[in-house]
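Working notes for the structure below.
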Amino acid sequence: MAVSDIRSAKPVDAPRQADLDKCVHCGLCLNACPTYRELHVEMDSPRGRIYQMVQVAAGAPITESYVEHIDLCLACRACETACPSGVEYGRLVEAARADIENRTHRSFSARVLRHLVFENLLPSRFATRIAAIGLGAAQALRLKLPGRMGELMALAPKVERPFFYSNLGRVFPPNGERKYRVAFLSGCIANVCFARLNEATVRVLQANGCEVTIPARQTCCGALHVHAGLREPARRLARRNIDAVIALEKAGGDFDAIITNAAGCGSTLKEYDELLEHDAEYSDRARRFVAQMRDVTEFLASIELNAPMREVRATVTYQDSCHLAHGQRIRSAPRELLKRVAGVVFKEMAMPDSCCGSAGVYNVLHTDMSMALLEKKMAAVNATGADRIVTANPGCMLQLRAGVARWGRGQRVSHVVEILDEAFSVTIDK
């Protein structure tokens, strides 16, 4: 991507000067940043990246170096937690990537690949099913692919049949008296690779008095699109999800909450109001949608759980998903839920909110950096002596399973909801 490739068209999305001006360049973000801790390069720190954004906003060209430094960011938002000035770095880096996307040309092969993944695969149930069937066949045959392909296969999620798609459009009654009416957004890839987790989520909600509706018209949340700088496709997906929920509320009444079990998705779902703030038709709808959005751990920790729960004997440690801890500011809820389960012995790991290196598709695009971060994470896990690693995001689960395979001690990786599902021991009403 050369400087000569800059387009003349004015970008629609770019870092706002008011947001850039919040940074006082104090440097308290440096030690919170995974790439800075790993590389000790100022331009790969939040402060350094903001300095580069300021230069571009002032008219400096978008160079290869700028793109590389912005692209290497995990967007984990740990710097936001550390920042005393309230810099919304997540908003800045996503806007910078959108600015790069709008003002530069990618290679033909890169454009084709991005179009296939972001425009054709993630939003399409048909394409996702076909891809899952192909991946599942390769996994069943235990194909050993050479080089880079083999490395990526090791990071790929396991396909889980039957897919969760068959549940879209269904309404699951509560076990006993209905206390809440909730909508569950099941994701995109999760429908084929985390189908059992989605089922467990429904069961746990049912066990706690929830009537659970799975919106039939829901689609990909757009989180990966936003992280890649593709804000217009993300806006289209956001409108579809908002419409899917509104249609159900018009038919059956308001929901008490809209639930997701994926922290990475939830962070974007809770920022639909920002994504659509200039959309005259959807800005108010987006704000109402965001007001209803809850991570499943956030929701469950806010209600009185039905008793009794059976004992789950396990020594667990909890890995904070970056987009739950730093993006949504939810830390205590998952831990409170785990500690409510009899038999669970909780062991806090060192630096539980440091990024595991998953970060959407970061582990695919920047595998070396991702694995360096994961190795450190697994050292912290191993030091606890826990036999189960618990988190609240499917992407983190995939990464941690890869970590166990390389550096672990046979630990089992679970979602918080899966621990609760074992404790409630209920089954989905077929």
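Nonpolar atom fraction for the chain, defined as the carbon and sulfur part of the 1.4 Å probe accessible area, stands at 54 percent.
Remind me, relative contact order of the chain in percent, using alpha carbon pairs under 8 angstrom and six or more residues apart?
Values: 725 pairs, mean separation 63.8, N = 430.
The value is 15 percent.
The mean sequence distance of close C-alpha pairs (under 8 Å, at least 6 residues apart), as a share of the length of segment 277-430, puts its relative contact order at 27 percent.
Pairs of lysine residues in the chain that meet both criteria, 8 or more places apart or on different chains and Cα atoms under 18 Å apart, total 4.
Assign unit charges at the C-beta atoms only (+1 for Lys and Arg, -1 for Asp and Glu), then state the dipole size of segment 103-182 relative to its Cα centre in Debye, rounded to the nearest 20. Don't skip to the answer; put the middle values down first.
Details: 15 positive and 4 negative charges, 32 e Å.
Magnitude of the dipole: close to 160 debye.
Applying the criteria of a DSSP loop state and at most 12 other Cβ atoms within 10 Å to the trypsin sites (Lys or Arg not before Pro) of segment 278-370 yields 310, 313, 329. Counting only DSSP H runs of at least 4 residues, each contributing -39500 (n - 2.57), and dividing by the residue count of the chain, the helix-based mean residue ellipticity at 222 nm comes to -14000 deg cm²/dmol. Every pair of different Cα atoms in segment 101-195 enters the Kirkwood calculation, which places the hydrodynamic radius at 16.2 Å.
Rounded to whole Å, the principal axis extents of the Cα atoms in the chain read 63, 51, 48, largest first.
Protein heavy-atom accessible surface, 1.4 Å probe, per residue over segment 321-430: 39 Å².
Projecting the Cα atoms of 380, 366, 189 onto the dipole axis of the chain, where Lys and Arg carry +1 and Asp and Glu carry -1 at the beta carbon, places 189 farthest toward the positive end.
Rounded to the nearest 20 Debye, what is the dipole magnitude of the chain about its Cα centre when Lys and Arg each give +1 and Asp and Glu each give -1 at the C-beta? Spell out each step's value before the answer.
Details: 55 positive and 48 negative charges, 227 e Å.
Dipole about the Cα centre, nearest 20: 1080 debye.
Taking GluC sites (Glu not before Pro) in DSSP loop states with no more than 15 other Cβ atoms inside 10 Å as exposed sites, the chain has its longest site-free stretch at 1-176. Each residue of segment 409-425 was assigned a 3J(HN,Hα) from its phi angle through the Karplus expression (A = 6.51, B = -1.76, C = 1.60, θ = phi - 60°), giving 10, x, 5, 9, 9, 9, 8, 3, 4, 5, 5, 5, 4, 5, 5, 7, 6 Hz with x at Gly and Pro. Determine which residues of segment 185-224 fall in the zone a paramagnetic label at residue 130 would reach in this model, i.e. backbone nitrogen under 19 Å from the point 7 Å along Cα→Cβ. Answer for this model: 188-193, 220.
The values are calculated or read from the model by the stated rules, or taken from the named source; none is laboratory data. Keep in mind the model is a prediction, meaning the values are calculated, not measured. Reconstructed Cβ throughout: ideal geometry from the backbone, glycine too, with neighbour counts over all protein chains shown. The protein model used for the area step is the full one, side chains on, heavy atoms only, and it has no ligands, DNA or RNA in it. Shrake-Rupley method; radii C 1.70, N 1.55, O 1.52, S 1.80 Å.
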